[in-house]
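**Q** Here it is, the structure, as structure tokens.
No lab work stands behind these numbers, since they all come straight from the coordinates. Computed from a prediction, not measured in an experiment: that's the story for all the values here. Glycine also receives a Cβ, built like all others from the backbone with ideal geometry; neighbour counts cover every protein chain displayed.
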């Protein structure tokens, strides 16, 4: 089963290593991991998407709550959170394909953030389904480079 976990932590050295070590120590494979400061500079939010069974995850979350520097731990159930991901993708684009790429970008509300003679860099934000659909359409042009943030999530 797939889980989205939000861990609010104090912004201290080594916290990420302890949190991610807790998941790997329990045998979870982390699909995505995102860490960034919150509006309070003393705190950071770690958003983890992983697969695993419910009983192991419950035990893991209890142990996470016991870690030093962990302020809060939440497992978002289906529909409880709004999740988004940022994708930057460099795509081959010549004068013949550039207009078609721009049309796909318009449909997905993506932005072209850089244009070169032979490529464009596109920024796209959305949920996992939107991201997958966008990349599926754009890959036929030839993806040169791709970078994804992993999922961010906040409770509704």
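**Q** Treat each spin label as a single point 7 Å out from the Cα along the C-beta direction, and report the residue 82 to residue 143 distance in nm.
**A** 2.6 nm
**Q** Right, another one. I'd like to compare 68-78, 108-118: which one has the highest average count of other Cβ atoms within 10 Å, and what's the full order after that?
**A** Values: 68-78: 14.6, 108-118: 12.3.
Highest mean packing first, the order is 68-78, 108-118.
**Q** Can you tell me the 0 to 90 degree angle between the C-alpha axis of helix 128-138 and the longest principal axis of the chain, rounded to 10?
**A** 30 degrees
**Q** Can you give me the angle between helix 54-66 and the longest principal axis of the chain, using Cα atoms only, in degrees from 0 to 90, rounded to the nearest 10?
**A** It works out to around 70 degrees.
**Q** Next up: Sort all Cα-Cα distances of segment 2-78 into consecutive 5 angstrom bins from zero, then give the percent of pairs in each bin up to the one containing the longest distance.
**A** 3, 16, 31, 28, 15, 6, 1
**Q** Once you have the Cα-Cα distance between residue 56 and residue 102, take 0.36 nm times their residue separation minus that, and quote the gain in nm to one decimal. Could the numbers behind the result be given before it?
**A** Working: separation 46, 0.36 × 46 = 16.56 nm, distance 4.53 nm.
Stretched fully, the residue 56-residue 102 segment lengthens by 12.0 nm.
**Q** Can you tell me the 0 to 90 degree angle between the C-alpha axis of helix 98-108 and the longest principal axis of the chain, rounded to 10?
**A** The two axes meet at around 40 degrees.
**Q** Sticking with this structure for a sec: Using only the alpha carbon atoms of the chain, find the Kirkwood hydrodynamic radius as the inverse mean reciprocal pair distance, in angstroms to one decimal.
**A** 17.2 Å
**Q** Between residue 26 and residue 156, what FRET efficiency follows from the Cβ-Cβ distance if R0 is 22 Å, with the result rounded to 0.05?
**A** 0.20
**Q** 222 nm [θ] for the chain, helices only, -39500 (n - 2.57) per DSSP H run of 4+, per residue, to 500?
**A** Here the helix-only value at 222 nm equals -9000 deg cm²/dmol.
**Q** If I stretch the segment between residue 132 and residue 112 completely, what's the gain in nm (0.36 nm per residue apart, minus their alpha carbon distance), one decimal?
**A** 5.4 nm
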